[in-house]
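Asker: Next up is a structure, given as structure tokens.
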Amino acid sequence: MAGSMQRVTESHAGVTVSEKNLDQLCINTIRTLSIDAVQQANSGHPGAPMGLAPVVFSLWQYFLNYDPAAPLWPNRDRFVLSEGHASMLLYSMLHLAGVKDVNDKGEVQNELSITLDQIKRFRQLGSRTPGHPESHLATGVETTTGPLGQGAGNSVGMAIAGKFLATHFNRENFKLFDYRVYAQCGDGDIMEGVAAEAASLAGHLQLGNLCWIYDHNRVTLDGPASWSFSEDVMTRFVGYGWHVTRVADANDLLQLSRAYKEFLAHDDQPTLIVVDSHIGYGSPHKQDSYEAHGEPLGEAEVKLAKKNYGWPEDAHFLVPDGVYQHFQDGVGARGAQEHAKWNALFAEYSQKFPELADQLERIQRCELPANWAKDLPTFPADPKGMATRESSGKVLNTLAKNIPWMVGGSADLAKSNKTNLTFEGAGEFFPVNYEGRNVHFGVREHAMGAAVNGMCLSGLRSFSATFFNFSDYMRASMRLAALMEIPVLFIFTHDSIGLGEDGPTHQPVEQLAAFRAMPNMLVFRPGDANEVTEIYKVALQHTEGPSTLVFSRQAVPTLDRTKYAPAAGAAKGAYVLADADGGRPDVILMATGSELQWAVGAYEKLKAEGIKARVVSMPCWELFDAQDAAYKESVLPSSVTARVSIEMACTLG
Ligand SMILES: Cc1ncc(C[n+]2csc(CCOP(=O)(O)OP(=O)(O)O)c2C)c(N)n1
Ligand SMILES: [Mg+2]
């Protein structure tokens, strides 16, 4: 960082005019690229990128510890654009900073993540530049944002991960992790509940590696922000335990530098930088008007805006000479240098601490430790059995013991969810002990959802937990995990009216159907303890998307697997648990979760009466759907039309 601060002093205090002009040239290039892309797409938000260009430029150019030639470097600073509608700001930055593409194998490619051609295809089907940034499409997009507040919530998870990784991996003279997380937020983000929960958690955890930059432009889509928003945000964040500072003019690079330095000097509190800005319009007289906000400027206003910036009015997608080079001389050179230093450090570290180095390399490749499934429990047959939340707790503890970077927690229901990690050394994730594996999210389900996404994006195998009914409070984050194709474990217990005496406010009825309807979400509802072990194994190895794990509060029998089929069948989503003699049933009984025992009970009665029945256990619909036709036909023969399904929930689906 010392190097970067040196540069700031040189370019903004002593300053040669030409260097200042180069900064301005870069800022205006970000603005005009954004304007042109939105105009060409005839859709999108040009105003926020125009207003925020200097804020994000100065952060990247002078402070962000980021190597555009190695965008997945584990100790890179993270930049999250929580106001996803300003996506062109991020695409412009990624393009101009020369951020390289990385392929599925993690290999840096010789081409840019966002080419000028991709910018020209903004908001077009199949491009890497959709209306809102999507992390699985473009290298350098750290998380998918669009639903306001989510990125802010993700950033708290990334900061939690940063603290965990530092405590876990750093050794004397080997500071492998000290990255910082910056989230760019707008009025909308600051208004959203998820961000408020996340800010409260971050303040409590004293995440000094976290900085939110609040674009205080005083407009939202419907009009002046004052129509709906009048609280004292700064006081609120002071109350959360944040350090708060303010920049009175988004165009004042010196003040911005001062604010970023202030953040860097605050190690024991997160920082909020409130930046007063004007959302961008074409002509100056329209500044602060909110008409046509969130729309392309229109050709006439585009020209006026360009004139204002001293730009050739008829040039489109222009990147003037010297702009790419200036980024390379700034963020590029600093990032390359820091990254090279880190690589040298890591080489030495690997010699001294081979096991830890191996862990870090596996994290980077999204691999599990070799022994990840060691000692996973198998459960003896037991008619009384145990609740699947109970067996889940045992399996989770074994896995977390084997996987040192498995970190998570509950929204104040850990004792009920049975997700407390209790093995020796598991520990609590507290402000003074960031190595603890149990994160206490408090009664903040939505922030928990957003945070576990951020933790997962930072390499941790993260999990959350609460009652299944409260998944409603997390749905937006879960949907984004599915879109991002990241392997978060969303654990839920108390999954039906079998939950006890709490009544309808606590009874999840439609949630199973709703999550099964969510693309790229695996929903597991295992029927006994051994199925619990099996489905955890599947979920852990499924790295292309999240899993929703749904467990019972009440005890269910542990089935006798010498009598019924092995629980390994659960890996196929559905399997024949018990069959009619000769495999030719007259009726199929299908069930999931705590209702599987009833299908088995009915089967035994029918069998005694000479009726040929089959029991199909179906812990995961999506996995069964993905099997080949022959397997599906073997489990559910189309000739057998007498079918009964049992699930304590709505029948939709
Ligand atoms: C959860 C959610 N609600 C609504 C929207 C639609 N939306 C997109 S931008 C925006 C205005 C937000 O205002 P602000 O954050 O101040 O951004 P600015 O318009 O100043 O760029 C809204 C409501 C959204 N993206 N996400
Ligand atoms: Mg605003």
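The values are calculated or read from the model by the stated rules, or taken from the named source; none is laboratory data. In this text the structure is predicted, and so the values were computed from the model without any measurement. A quick note on method: Cβ atoms are made from the backbone with ideal geometry, for glycine too, and the neighbour counts reach across all protein chains shown. Side chains are part of the model used for accessible areas, which takes the heavy atoms of the whole protein and leaves out ligands, DNA and RNA. Shrake-Rupley method; radii C 1.70, N 1.55, O 1.52, S 1.80 Å.
Asker: Report the Cα-based extents of the chain along its three principal axes, largest first, to the nearest Å.
Answerer: Each principal axis gives a Cα extent; for the chain these are 93, 56, 48 Å.
Asker: Relative to the longest principal axis of the C-alpha atoms of the chain, give the angle of the C-alpha long axis of helix 529-541, reported between 0 and 90° and rounded to the nearest 10°.
Answerer: For helix 529-541, the angle is close to 30 degrees.
Asker: If you don't mind, there's one more thing I want to ask. Per DSSP H run of at least 4 residues, take -39500 (n - 2.57); add these up for the chain, divide by its residues and hand me the 222 nm value, nearest 500 deg cm²/dmol.
Answerer: Calculated from helices alone, the mean residue ellipticity at 222 nm is -12000 deg cm²/dmol.
Asker: Hey, another quick one. For the range 498-632, with every protein chain kept in place, what is the accessible area per residue (1.4 Å probe, Å²)?
Answerer: 38
Asker: Using label points projected 7 Å from each Cα along Cα→Cβ, tell me how many nm separate H542 and F423, to one decimal.
Answerer: 2.3
Asker: Starting from the Cα gyration tensor of the range 589-653, take the square roots of the eigenvalues, sort them a ≥ b ≥ c, and report rounded, prolate or oblate (rounded when a/c is under 1.5, otherwise prolate if a/b is larger than b/c, else oblate).
Answerer: Here the range 589-653 falls in the oblate category.
Asker: A follow-up question, please. Have a look at the range 415-553 and give its Rg and Dmax from the Cα atoms, expressed in angstrom.
Answerer: Cα only, the range 415-553: 14.6, 42 Å (Rg, Dmax).
Asker: Enter the angle in degrees (range 0 to 90, nearest 10) between the Cα long axis of helix 475-484 and the first principal axis of the Cα atoms of the chain, meaning the one along which they spread out most.
Answerer: In the chain, helix 475-484 runs at an angle near 80 degrees to the longest axis.
Asker: Which of the peptides 397-403, 260-266 is most tightly packed, and how do the rest follow, judged by the mean count of other Cβ atoms within 10 Å per residue?
Answerer: Highest to lowest by the protection proxy: 397-403, 260-266.
Asker: How big is the range 216-262 in terms of Cα radius of gyration and Dmax, in angstroms?
Answerer: That works out to 13.1, 35 Å for Rg and Dmax.
Asker: Which percent of the accessible heavy-atom area of the range 20-111 goes to carbon and sulfur, probe 1.4 angstrom?
Answerer: Answer for the range 20-111 is 41 percent, counting heavy atoms of protein chains only.
Asker: Taking R0 as 30 Å, what's the FRET efficiency between F430 and D358 from their Cβ-Cβ distance, rounded to 0.05?
Answerer: That pair, F430 with D358, gives E of 0.60.
Asker: Just subtract the alpha-carbon distance of D586 and A370 from 0.36 nm times their residue separation and send over the number in nm, one decimal.
Answerer: Answer, rounded to one decimal: 73.2 nm.
Asker: In Å², what does the accessible area per residue of the range 112-176 work out to with a 1.4 Å probe? Walk me through the numbers before you get to the answer.
Answerer: On the way: 2150 Å² over 65 residues.
On a per-residue basis, the range 112-176 sits at 33 Å².
Asker: To continue, here is another question. For A344 and T505 in the same chain, what is the full-extension length gain: residue separation times 0.36 nm, less their Cα-Cα distance, in nm?
Answerer: Result for the pair: 52.3 nm of gain on full extension.
Asker: Would you mind putting 131-144, 620-633 in packing order, based on average other-beta-carbon counts within 10 Å, highest first?
Answerer: 131-144, 620-633
Asker: Working from the pairwise distances between different alpha carbons, so that the mean of 1/r is found and then inverted, what is the range 83-173's Kirkwood radius in Å?
Answerer: Taking the inverse mean of 1/r over all distinct Cα pairs, the range 83-173 comes out at 14.4 Å.
Asker: Further question on the same structure: Computed over the Cα atoms of the range 144-237, what is the convex hull's projected area averaged over all directions, in nm²?
Answerer: Over all viewing directions, the range 144-237 projects a mean Cα-hull area of 6.8 nm².
Asker: Turning to a different aspect of this structure: Carbon and sulfur together cover what percent of the accessible area of the range 554-653 at a 1.4 Å probe radius?
Answerer: Answer for the range 554-653: carbon and sulfur cover 57 percent of the accessible area.
Asker: Return the subset of K394/K415; K374/K537; K537/K605; K384/K563 for which the Cα-Cα distance in this structure is over 22 Å, preserving the input order.
Answerer: As for pairs spanning more than 22 Å Cα to Cα, those are K537/K605.
Asker: Let me ask you something else. Compare the peptides 529-536, 507-514, 22-29 by average per-residue count of other Cβ atoms within 10 angstrom and give them in order, highest first.
Answerer: 529-536, 22-29, 507-514
Asker: Need the list of aspartates and glutamates near K163 for cross-linking: C-alpha distance under 15 angstrom, and skip anything on the same chain fewer than eight residues off.
Answerer: Leaving aside aspartates and glutamates fewer than 8 places away in the same chain, those within reach of K163 are D77, D178, D267, D268, E428, E435.
Asker: Under the rule a/c < 1.5 gives rounded, and otherwise a/b versus b/c splits prolate from oblate, where does the range 529-598 land using the Cα gyration tensor? Spell out each step's value before the answer.
Answerer: Working: a/c = 2.02, a/b = 1.55, b/c = 1.31.
Prolate is the answer for the range 529-598, as a/c is 1.5 or above and a/b outweighs b/c.
Asker: Would you work out what percent of the accessible area of the range 132-223, with all protein chains in place, is carbon or sulfur (probe 1.4 Å)?
Answerer: Details: 1040 of 2330 Å².
Roughly 45 percent of what the probe reaches on the range 132-223 is carbon or sulfur.
Asker: Test of understanding: extend the Cα→C-beta vector of N520 to 7 Å, then name every residue of the range 141-168 with backbone N under 11 Å from that spot.
Answerer: Hits in the range 141-168 for N520 at 11 Å: 144.
Asker: If you don't mind, another one. Helix 17-41 versus the longest principal axis of the chain: what angle, 0 to 90°, nearest 10, using Cα atoms?
Answerer: 50
Asker: So, one more: By how many nm would the segment from Q337 to D560 grow when fully extended, if each residue of separation counts as 0.36 nm and the alpha-carbon distance is taken off?
Answerer: Length gained, Q337 through D560: 74.2 nm.
Asker: Something else about it: Apply the a/c threshold of 1.5 to the C-alpha gyration tensor of the range 37-77 and tell me whether it is rounded, prolate or oblate.
Answerer: On the way: a/c = 3.93, a/b = 1.90, b/c = 2.07.
In terms of gyration-tensor shape, oblate.
Asker: If you bin every alpha carbon distance in the range 475-583 into 5 Å steps from zero, what whole percent lands in each bin?
Answerer: The distribution over the range 475-583 is 2, 11, 20, 19, 19, 14, 9, 4, 1, 0, given as percents.
Asker: Separation between the E172 and K415 pseudo-spin-labels, each 7 Å from Cα along Cα→Cβ, expressed in nm?
Answerer: Inter-label distance under the simple model: 4.1 nm.
Asker: Give me the 1.4 Å probe accessible area per residue for the range 383-493, excluding ligands and nucleic acids, in Å².
Answerer: Each residue of the range 383-493 exposes 31 Å² on average to a 1.4 Å probe.
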